[in-house]
Amino acid sequence: MQRFITGLAALALGLTVAASTAHAQFNSPFKGKQFKGNLMTTYDACTAPDTMTDDSVPACATISRTDTDCGYGGGQGKVQLKTQTVGNYDARLKLVTLDTGCEGKVLDFVGVVRRTGHYCGGSICTIQDTTFQFGSCTVSRGVCKFGGQFTWPGGPAQGNTEFKDIYVMDNATHVRVFDIGLVKSAQ
């Protein structure tokens, strides 16, 4: 009987180690079915600093919007991505109070993702970073909105989807107009 119990304990320990090893290889959070973000005006990178921030970080005194025509006229933009069922995702994107330079433009909502999960014949793999368009809209009366379902590149299997970038691009010029970000206004 002692050998039997020792054998069961060794088997349980072996299964625990195997499960721990598998878990360490593919470590996913328990929850993460929704993503929300704000869309900010996109500015050109500071490539030739000529000033310093208050905490001594190099900066450029002259700022330049990436798209000089299209921006906010006091409005805001939001993006919400949500899991619906396995393989189906829902996107809700809305830009409001856009300035007149945006009127009539077709804006594309673009994502760059890296997916890790059960995507390769049931085996765990990491998919190469993929850029794809998951929606678009035409600006009319200062508003551009999109809502609908889409599927991520790589298929509907289970796993993580890392956002490497999300942005809004002018369909005609391929210039970035809005990026995901934060804003702190003076109050």
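Just so you know, all these numbers are worked out from the coordinates, no wet-lab data involved. Quantities reported herein were computed from a predicted structural model and do not represent experimental measurements. Here the Cβ positions follow ideal geometry from the backbone for every residue, glycine too, while neighbour counts run over all protein chains shown.
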Show me 71-78, 101-108 ranked by packing, highest mean number of other Cβ atoms within 10 Å first. 101-108, 71-78
Spacing of the two label points (7 Å from each Cα toward its C-beta) at Asp129 and Asn27, in nm: 2.2
Under 14 Å between C-alpha atoms, the lysine pairs in the range 65-157 lying 8 or more places apart or on different chains count 4
Separation of alpha-carbon centers, the range 32-59 and the range 89-145, rounded to whole Å: 21
On a straight-distance basis, which aspartates and glutamates could pair with Lys36 in a cross-link, Cα separation under 15 angstrom, same-chain partners fewer than 8 positions away excluded? Asp90, Glu162, Asp165, Asp179
Chain lengthening between Asp99 and Asp165 when straightened (0.36 nm per residue, less Cα-Cα): 21.3 nm
Report the net charge of residues surrounding Thr173, where surrounding means a beta-carbon distance below 12 angstrom and charges are Lys +1, Arg +1, Asp -1, Glu -1. -2
Between Ser136 and His118, what length comes free when the chain is fully extended (0.36 nm per residue of separation minus the Cα-Cα distance, one decimal in nm)? 3.6 nm
Mind giving me the nanometre distance, one decimal, between the label points for Ser185 and Asp44, set 7 Å out from Cα along Cα→Cβ? 2.8
What distance in nm separates the two pseudo spin-label positions at Phe35 and Val57, each 7 Å out from Cα along the beta-carbon direction? 2.2
Which of rounded, prolate, oblate describes the range 45-187, given a ≥ b ≥ c as roots of the alpha-carbon gyration tensor eigenvalues and a/c under 1.5 marking rounded, otherwise prolate only if a/b is larger than b/c? oblate
Rounded to whole Å and sorted largest first, list the principal axis extents of the Cα atoms in the range 36-115. 50, 35, 18
For a label point 7 Å along the Cα-to-beta-carbon line of Arg65, residues of the range 150-187 with backbone N under 15 Å: 168-170, 175-179
